[in-house]
Structures are given as structure tokens and as C-alpha cells.
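The values are calculated or read from the model by the stated rules, or taken from the named source; none is laboratory data. Values in this document were obtained by computation on a predicted structure and should not be read as measured data. Cβ sites come from the backbone with ideal geometry, for glycine too, and all protein chains shown count toward neighbours. Ligands, DNA and RNA are excluded from the accessible area calculation, which covers all protein heavy atoms including side chains. Shrake-Rupley method; radii C 1.70, N 1.55, O 1.52, S 1.80 Å.
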Amino acid sequence: MTEAVHTPRVFSGIQPTGNLTLGNYLGALKRFVEMQASGVETIYCMVDLHAITTWQDPKDLKRATRELAAGFIAAGLDPARSILFNQSQVPAHAELAWVFNCVARMGWLNRMTQFKDKAGKNRENASVGLFAYPALMAADILVYKATHVPVGDDQKQHIELTRDIAAKFNHDFGVEHFPLTEGVIEGAGMRVMSLRDGSKKMSKSDPSDMSRINLTDDADTISQKIRKARTDPDPLPDTLAGLDDRAEARNLVNIYAALAGMTPDQVVAENAGAQFGQFKPKLADLAVAVLSPINTEMARLMADPGEIDRLLGEGADRAAAIAEPVLEETLDIVGMVRSRRR
Ligand code: AQP
């Protein structure tokens, strides 16, 4: 069977759990904005249904959803050009996820490293939702027949699973309904690591606030966190290969590169021989220059939550107009009698 040609369309999402980090910004948001400028239809979602796979205080979840929407817009996403909405407002995601729960195999989900990491030793006590999370993520993407998904490196396995689900659905029903979506995982910001431990990714849920830069941090806090970031006593080497066994140093070079729009090689060439006492203030100045305007704009937008809700509502209507026909067609393929006119 030849693969059907699907119109290019970009989808991605971020969980409204706590503060947005520099990792979310460089691995996801900044690239969402670049893709918005590419002329392809872009759909970006605050994935609140994913957030509740672990316990969320309801008040905090509402605030985090609006704050994430403010972060999207402050970073450069334009609600008139991209579709911005929160996932729970478009029920087609959850409905398609059920179909995919019946397509995905237990063995596939058992191999998901994110579940293993997040459930930890307490697997028996993890929610069923946390285990089934990747099937919902596949539904988020495929309910728009999205062809490209900009994500950080940690999501690679979930994108592969999305392709497996699409391929199995297409095969089982003898259709070419869903595209085989590509992850867009490229650039120095793909894997931003903790400022305290170069072997762990920078994460919103790390208990140490010093391990990450939040988009809500003010200039002094950003500078202080970078000054205190763990490094080693050696100066920056002449070539990138010289950072191979220096995870923390490599991380700061990567962050600099992603913020400056340079390659890590260029950063090393420009700073060869510099001590971290010189490099860190330079990095701090750059981070403040990029992040401060976002921080200020987020605060301005958060002062009017009613306007954020209005924009999200409009986005949800536009998203539903694409998702509902795809869901209807899917249910028809599966054999559900479509007895109601929708
Ligand atoms: N450290 C990171 N480096 C690069 N990209 C990252 N992303 C997250 N952390 C990094 C990317 O951000 C997008 C949204 O991620 P998510 O909201 O689904 O949550 P996550 O991946 O689980 O992010 P966190 O910060 O680690 O949240 P918690 O702590 O709640 O689990 C994705 O594209 C992701 O790749």
C-alpha cells in the first residue's frame, strides 16, 4: 500500500504543571514560534488532560494553564496565526485516545521510559492515566492528522509510538487514514540539562529550584542560578570534543548556543580558553536579554485572565472544527454507527 499524502500540519503541546522552564522554552516553545513563521498551519495546546495523570491541585491547574497560555503568547505565538487552546476543551482528543487504547499494545506501553521514570519504584500506585499517557498523546497529534511535531529529545519515544499506533490502525482497517508523523527534534536546545546535575534533564518538577531557570524568574534570579550552576575547574576547550566527558560544561555551552542562535561549535571556538568565571556572566547576560521581555509580557497578560480565557476559547473552537471531522471519520472506519448528526 502506498502512503497517502497528508497536508503538512504542525501540532505540539506542553503540560500546565508548574512553571515553564528554560528547557521547555528552548526544546519546544522557541521552535513553536519558528514553525509559526514557516507558513504551515500550527496548532499548540496546553495539555491539561496529561497534567492530571499525576495529582494537581485544581486551583493550581487553572492558574498554570493560564500562565502557560501567557507564556505561549509572550514567547511570540500569535493567537490569530496559530491555534492555541487547552486540550480538555476539545473532547475529540479523549475520544480518539480511547480508540488508541484499543490499538496500542501493552508491550509497547511497557517499554515507555517516561512512565518508568515518573512512576519510579511505586508503579503499583501510579495512575492508569500515567501508563496510558502515550496513547492520549498519539490522539492529540493524530486527531489533527499532524505531520510534524516539534518536541524535545525526551519525547522521541512517544513520537515513535504515535507512528506505531497510526501504522497499526491503518493496517488493521486497511486504510491510509493517519499520517506517519515526524518528530522535529533538532538544534542545541533539544536536551537542556539540570543546572545541578548534567546527567538529568532540566524539569519543572525537580525538587530543587536551583536546577532550572523558570520563565517567571527575574533577572537577578536568572543570573544567580547561572553563577551557581555546577561546572568543573577547567577552562573551555578549543573544540567541542573536549567537552565529551564534561556534562555540566557542555550543557552551559548548549544553552548559550540555543539562546544565541549559534552552533555549540561556534560557541566553543569563540570562547576557547575562557574560565567559567568569565563565561557564566556572559551566559547570564544573554539569558536575561532573551528571557526578561518574555517574563514582563507574561506578567502583563496574567493581569487579565478573562482575556486569556477568551483567546483559549476561540482557539478551542477552531481546533474542534478540525478535530471533530477526523474523529467522526475514524469512528466510522472502526464501525461505530453514527446515528446522531453532529
Ligand atoms: N530539559 C528539556 N530540554 C529540552 N526540551 C524539554 N522539554 C521539557 N523539558 C526539556 C520539552 O518541553 C515540551 C513540553 O514538555 P511537557 O510539558 O510535556 O513536560 P515534560 O517533558 O514532562 O517537561 P518537564 O519540565 O520535565 O515537566 P515535568 O517535570 O512535569 O515532567 C516537550 O516538547 C519536551 O520535550
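Six or more apart or on different chains, Cβ under 7 Å: which pairs go from a residue in the range 41-70 that's closer than 18 Å to VAL10 by Cβ to one that's at pLDDT 95 or above and of a type in the set (Asp, Glu)? Could you list them?
Correct list of pairs: CYS45/ASP140; VAL47/ASP140.
Return the residue satisfying two criteria in turn: it lies in the range 200-218 and is part of a loop (DSSP other than H, G, I, E, B) and free of Cβ contacts under 8 Å to residues at least 24 places away in the same chain, and of such residues it is farthest from the ligand (Cβ to nearest atom).
Only one residue fits best here, namely SER208.
Starting from residues that are of a type in the set (A, V, I, L, M) and closer than 21 Å to ILE213 by Cβ, keep the ones in the range 1-39 and report whichever is farthest from the ligand (Cβ to nearest atom).
It comes out as VAL33.
Scan the range 1-26 for residues that are more than 29 Å from TRP98 (Cβ to Cβ) and either in the same structural domain as ALA80 (by TED's automatic domain parsing) or surrounded by 17 or more Cβ atoms within 10 Å (Cβ to Cβ) (or both) and report the count.
7
Those residues that are of a type in the set (Val, Ile, Thr) and not in a loop (DSSP other than H, G, I, E, B), I need them from the range 219-238; list them, please.
THR221, ILE222, ILE226 - these are the residues of the range 219-238 that are of a type in the set (Val, Ile, Thr) and not in a loop (DSSP other than H, G, I, E, B).
How many of the residues making up the range 78-137 are open to solvent by 60 Å² or more (accessible area, probe 1.4 Å), at pLDDT 95 or above, more than 23 Å from ASP172 (Cα to Cα) and not in a helix (DSSP H, G or I)?
Counting residues in the range 78-137 that are open to solvent by 60 Å² or more (accessible area, probe 1.4 Å), at pLDDT 95 or above, more than 23 Å from ASP172 (Cα to Cα) and not in a helix (DSSP H, G or I) gives 3.
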